[in-house]
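*Asks:* A single structure is presented below for examination.
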Amino acid sequence: MNTKTLGYSTMIVSAALMGCVGLFARNINTSGDVIAFTRMTVGAICVFVLMFNQGKTMLIKSTKLTPSVVASGVCLGLCLAAYVSSTQHTTLANAVFLIYTGPVFSTILAAIFLKEKISKLTAGLLTAVFIGCLFIIGIISYDATNGLSMSLSFSKENFLGDMLGLASGVGYGLYLFFSRYRTDVSSDSRSFFNFLFGAIAIALCFTVNPPSLAEMDLSSWIWLISMGFFIGFGALSLLTIAAKHLKAAELACVSYLETVVGAGIGISMFGESLTMLQTLGGILVIGGGMGEIVLTMTKKHNSGKQAKAISQ
């Protein structure tokens, strides 16, 4: 097996495991923040163990902690807490599509605070994702009698979950945005601090809104521990392997498989359904997000080639 095949194979399995978050969350009788805290804590422990085995723990000690490093971890933790909670209050498709609006929010933040210019193509991709969100949460709907219509009324059953999904997308975008400030930090150290500060942020939320474990039966504990192992250790370990053999753009694009897996589980295992416009909305979100990722990485690649050519 060549390196690219190994990279794609491990990344596909990793993304598929991440797409199962909703499946685990719906079988655990506790709030999403508890589940997310477990995921972040297991992630921090796993990264530390991997770095210890590889003799890289000095990278943790030598990393200078700055507000952006702390903020990226905090945003990742809160983003995951909102996402897991979203899967418990709306369809899995809505939850997973909405969190993947993150790259678009990151682009908007970069344009505002880093003064990065938005090209016409990027503007088109942002518009596609925005329209996709309107389709997914039902602001734009369609029926045979009235045709296309726009309304600010929301489904009572899915409103909380959809808003949490949007919040997770904003949190994901903030995580990506803050991560751009410290490109000097190694990927291993960054992962450790992201998980660590994510877990701390959720733990601080517990002081304001203490979690309840009263309804946690044996089945719930088994699902929670299994989630920590498969989606924490398993998905993380496979992602680490994939990252050694694939470029960032390749990793990002394959990660969108998570949306397909998440939506598929909701439809096949929980009897959920998507309207035609929601399906189109999901396609717009995936296409716009992937397009923005590829566009960003292409710009970086071209800039690197130009810089190399000038130096020669």
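The values are calculated or read from the model by the stated rules, or taken from the named source; none is laboratory data. What you are looking at is a predicted structure, and each value in this text was computed from that prediction instead of being measured. For neighbour counting, all protein chains shown are included, and Cβ atoms are generated from backbone atoms with ideal geometry for every residue, glycine included. For accessibility, only protein heavy atoms count, side chains too; no ligands or nucleic acids. Shrake-Rupley method; radii C 1.70, N 1.55, O 1.52, S 1.80 Å.
*Asks:* Here are the criteria: (1) in contact with a helix residue (DSSP H, G or I) (Cβ under 7 Å, 6 or more places away or on another chain); (2) over 24 Å from L92 (Cβ atoms); (3) in contact (Cβ under 8 Å) with a residue 40 or more places away in the chain. Tell me which single one T3 does not satisfy.
*Replies:* (1)
*Asks:* Additional query: Within region 63-94, track down each residue that is assigned to a loop (DSSP other than H, G, I, E, B), under 22 Å from M18 (Cα atoms) and either touching a strand residue (DSSP E or B) at 6+ places or on another chain (Cβ under 7 Å) or open to solvent by 30 Å² or more (accessible area, probe 1.4 Å) (or both).
*Replies:* Within region 63-94, Q88, H89 qualify.
*Asks:* Here's another thing I want to ask about it. Consider region 114-130. How many of its residues are open to solvent by less than 60 Å² (accessible area, probe 1.4 Å) and not in a loop (DSSP other than H, G, I, E, B)?
*Replies:* 7
*Asks:* So for region 93-106 (the condition being at pLDDT 90 or above, over 11 Å from the mean Cα position of the chain (by Cα) and closer than 16 Å to A167 by Cα), does at least one residue qualify?
*Replies:* yes
*Asks:* Among the residues of region 241-283 satisfying the criterion of being assigned to a helix (DSSP H, G or I) and among the charged types (D, E, K, R), which is farthest from the chain's Cα centre (by Cα)? Reasoning before the result, please.
*Replies:* First pass over region 241-283, keeping only residues assigned to a helix (DSSP H, G or I): 241-243, 248-255, 257-269, 276-283.
When the remaining residues are screened for being among the charged types (D, E, K, R), the result is 250, 258.
Numbers: E250: 16, E258: 9 Å.
Ranking the qualifying residues of region 241-283, first place goes to E250.
*Asks:* Give L251, L257, L246, L236 a once-over and let me know the one that is open to solvent by 20 Å² or more (accessible area, probe 1.4 Å), over 30 Å from I140 (Cα atoms) and hydrophobic (A, V, I, L, M, F, W, C).
*Replies:* So the residue among L251, L257, L246, L236 that is open to solvent by 20 Å² or more (accessible area, probe 1.4 Å), over 30 Å from I140 (Cα atoms) and hydrophobic (A, V, I, L, M, F, W, C) is L251.
*Asks:* Would you be able to say whether some residue in region 132-140 is open to solvent by 70 Å² or more (accessible area, probe 1.4 Å), over 17 Å from S273 (Cα atoms) and not in a helix (DSSP H, G or I)?
*Replies:* For region 132-140, residues open to solvent by 70 Å² or more (accessible area, probe 1.4 Å), over 17 Å from S273 (Cα atoms) and not in a helix (DSSP H, G or I): absent.
*Asks:* State all residues of region 174-190 that are among the hydroxyl-bearing types (S, T, Y), under 20 Å from I231 (Cα atoms) and more than 14 Å from the chain's Cα centre (by Cα); if no residue qualifies, say none.
*Replies:* S187, S189
*Asks:* Could you please find all residues in region 98-113 being open to solvent by 10 Å² or more (accessible area, probe 1.4 Å), closer than 17 Å to V260 by Cα and part of a helix (DSSP H, G or I)?
*Replies:* I99
*Asks:* A further question follows. Spot the failing condition for K300; the list is (1) surrounded by fewer than 20 Cβ atoms within 10 Å (Cβ to Cβ); (2) outside any helix (DSSP H, G or I); (3) modelled with pLDDT under 85, and only one is missed.
*Replies:* Every listed condition holds for K300 apart from (2).
*Asks:* Additional query: Mind telling me which of the residues I60, I45, I35 ends up being among the hydrophobic types (A, V, I, L, M, F, W, C), free of Cβ contacts under 8 Å to residues at least 24 places away in the same chain, in a helix (DSSP H, G or I) and touching a Phe, Trp or Tyr at 6+ places or on another chain (Cβ under 9 Å)? If you could, list the steps in order and put the result at the bottom.
*Replies:* Details: I60 fails: free of Cβ contacts under 8 Å to residues at least 24 places away in the same chain; I35 fails: free of Cβ contacts under 8 Å to residues at least 24 places away in the same chain.
I45 is the lone residue from the list that is among the hydrophobic types (A, V, I, L, M, F, W, C), free of Cβ contacts under 8 Å to residues at least 24 places away in the same chain, in a helix (DSSP H, G or I) and touching a Phe, Trp or Tyr at 6+ places or on another chain (Cβ under 9 Å).
*Asks:* Still on this structure: Residues in region 269-280: is at least one open to solvent by 80 Å² or more (accessible area, probe 1.4 Å), over 21 Å from L17 (Cβ atoms) and modelled with pLDDT of 80 or more?
*Replies:* Within region 269-280, one or more residues are open to solvent by 80 Å² or more (accessible area, probe 1.4 Å), over 21 Å from L17 (Cβ atoms) and modelled with pLDDT of 80 or more.
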